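The values are calculated or read from the model by the stated rules, or taken from the named source; none is laboratory data. Because the structure is a prediction, the values reported are computed rather than measured. Here the Cβ is made from the backbone with ideal geometry for all residues, glycine too, and neighbour counts use every protein chain on show. Keep in mind that these areas ignore ligands, DNA and RNA; they rest on the heavy atoms of the full protein, side chains included. Shrake-Rupley method; radii C 1.70, N 1.55, O 1.52, S 1.80 Å.
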Amino acid sequence: TLPFLAGALNAARAFHDWTVKLGYDATLLTDEEGDAVTIQRLRQELERALAQRPIHRFVLYFAGHGLIRELEEGLWLLSDWRSELRAVSVEGLKRRLRMFGIQQVSIFADACRSLPDGVEAADLAPDPILGQGPERANATLAVDKFYASQDGQATFAVPGLRPEEDRCLFSGVLMEGLWGINP
């Protein structure tokens, strides 16, 4: 079992707060209080968000456990990854987003990109979450990717005095930059 990441939860809340205050139509999905973030739940939320068109800019943020199997095959582990043996295929999801009439996609991920440490993780099925979109693939889609670590590397968290003060290092610096805060 992977450990609970209080820093990831805090980072997701902070990023959501930033998006809302900038006027984005934002949804926060967390697995706190037993409310699992599953492949099905993520698919439903993405389909709901993508139905509100036109979309100029689509921002996707993930904080949590992740890994990488091959070059650029990043996987995000949702709450049901162990029981379903499925994980979010980040590149697959990015390709599917090209079929929804979006002009710009920004992906922020504060998750490890380390190699699998066992058979369970190595045997995960990558899931692009979305199906065929309503439009032809946009070959000129602008995609910005901001990842907390390089391929094969782990990310870092800074423990606080209390769990609500735990921070993911990348997200902490990211939020300072997005808010324009630099003491």
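Among L124, P134, A109, which residue has its Cα furthest toward the positive end of the charge dipole of segment 81-135, with +1 on Lys/Arg Cβ and -1 on Asp/Glu Cβ?
Positive-end residue among those listed: P134.
Tabulate in residue order the Karplus-calculated ³J(HN,Hα) for segment 22-38, using 6.51 cos²θ - 1.76 cosθ + 1.60 with θ = phi - 60°, rounded to whole Hz; enter x for Gly and Pro.
8, x, 6, 7, 10, 10, 9, 10, 9, 10, 6, 6, x, 8, 5, 8, 10
Quick one: plug the Kirkwood hydrodynamic radius of segment 113-169 (C-alpha pairs) into Stokes-Einstein at 37 °C, 0.692 mPa s, and report D in µm²/s.
Using the Kirkwood radius from Cα pairs, D works out to 210 µm²/s.
Taking amide H positions as placed in the peptide plane 1.01 Å from N, state which residues far from A87 in sequence (5 or more) or on other chains have amide H under 5 Å from it.
The answer is A125, D127.
Net charge near D144: determine it from the other residues with C-beta under 12 Å of the C-beta of D144, scoring Lys and Arg +1 and Asp and Glu -1.
My count for the surroundings of D144 gives +3.
List every residue whose amide H lies under 5 Å from the amide H of K145, counting only residues 5 or more places away in sequence or on a different chain, with H placed 1.01 Å from N in the peptide plane.
Amide H neighbours of K145, under 5 Å, 5+ apart: I107.
With a 1.4 Å probe and all protein chains left in place, how much of the accessible area of the chain comes from carbon and sulfur atoms, in whole percent?
53
Gain in length, N138 to F156, computed as 0.36 nm per residue apart minus the alpha-carbon separation, to one decimal in nm?
Taking N138 through F156 to full extension adds about 3.0 nm, to one decimal.
Using a 1.4 angstrom probe on the protein heavy atoms only, could you order T27, T38 from most to least accessible area?
On the way: T27 70, T38 35 Å².
Final ranking, largest accessible area leading: T27, T38.
Report the gain in length on full extension from A49 to E32: 0.36 nm times residue separation, minus Cα-Cα distance, nm rounded to one decimal.
Net length gain for the segment: 4.0 nm.
Which whole-number percent is the relative contact order of the chain (Cα, under 8 Å, 6+ apart)? Can you show the working numbers first?
Values: 322 pairs, mean separation 45.8, N = 183.
Once normalised by length, the contact order is 25 percent.
In debye, nearest 20, what is the charge dipole magnitude of segment 25-86 about its Cα centre with +1 on Lys and Arg Cβ and -1 on Asp and Glu Cβ, if you could check? Walk me through the numbers on the way to the answer.
On the way: 8 positive and 12 negative charges, 54 e Å.
Approximately 260 debye in magnitude.
Starting at the first residue of segment 121-132, write each ³J(HN,Hα) from the Karplus equation 6.51 cos²θ - 1.76 cosθ + 1.60 with θ = phi - 60°, in whole Hz, x for Gly and Pro.
Calculated HN-Hα couplings, in order: 5, 5, 9, 5, 8, x, 10, x, 6, 8, x, 4 Hz.
Fully extended, how many nm does the chain gain between A125 and E165 (0.36 nm per residue separation, minus their Cα-Cα distance)?
11.0 nm
Which value, in Å² and to the nearest 10, is the accessible area of E32 when all protein chains are kept and the probe is 1.4 Å?
Estimated to the nearest 10 Å², E32 gives 50 Å².
Calculate the dipole size of segment 47-183 relative to its Cα centre from +1 charges on Lys and Arg beta carbons and -1 charges on Asp and Glu beta carbons; express the result in debye to the nearest 20.
Numbers: 15 positive and 19 negative charges, 129 e Å.
Dipole magnitude for segment 47-183 comes out near 620 debye.
What number comes out for the charge environment of L2, summing +1 per Lys or Arg and -1 per Asp or Glu over other residues with Cβ under 13 Å away?
-3
With a probe of 1.4 Å, find how much accessible area the chain has per residue, and write the answer as a whole number in Å². Don't skip to the end; give the middle numbers.
Details: 10240 Å² over 183 residues.
Per residue, the chain has an accessible area of 56 Å².
Quote the relative contact order of segment 128-170 in percent (integer), defining contacts as alpha-carbon pairs under 8 Å separated by 6+ residues.
Relative contact order, segment 128-170: 24 percent.
Based on DSSP H assignment, which helices of the chain show an axial Cα extent of at least 18 Å together with a mean Kyte-Doolittle hydropathy greater than or equal to 1.6?
The answer is none, since no helix passes both cut-offs.
Could you please report the charge total around R48, scoring K, R as +1 and D, E as -1 over all other residues with beta-carbon less than 14 angstrom from its beta-carbon?
Net charge around R48: 0.
Specify the inter-centroid distance of segment 45-78 and segment 86-132, based on alpha-carbon positions, in whole Å.
Centre-to-centre distance over Cα atoms comes out at 6 Å.
Which of these values of Rg and Dmax of the Cα atoms in Å was calculated from the structure shown: (i) 18.9, 66; (ii) 35.9, 170; (iii) 16.0, 50?
So the calculated entry is the one marked (iii).
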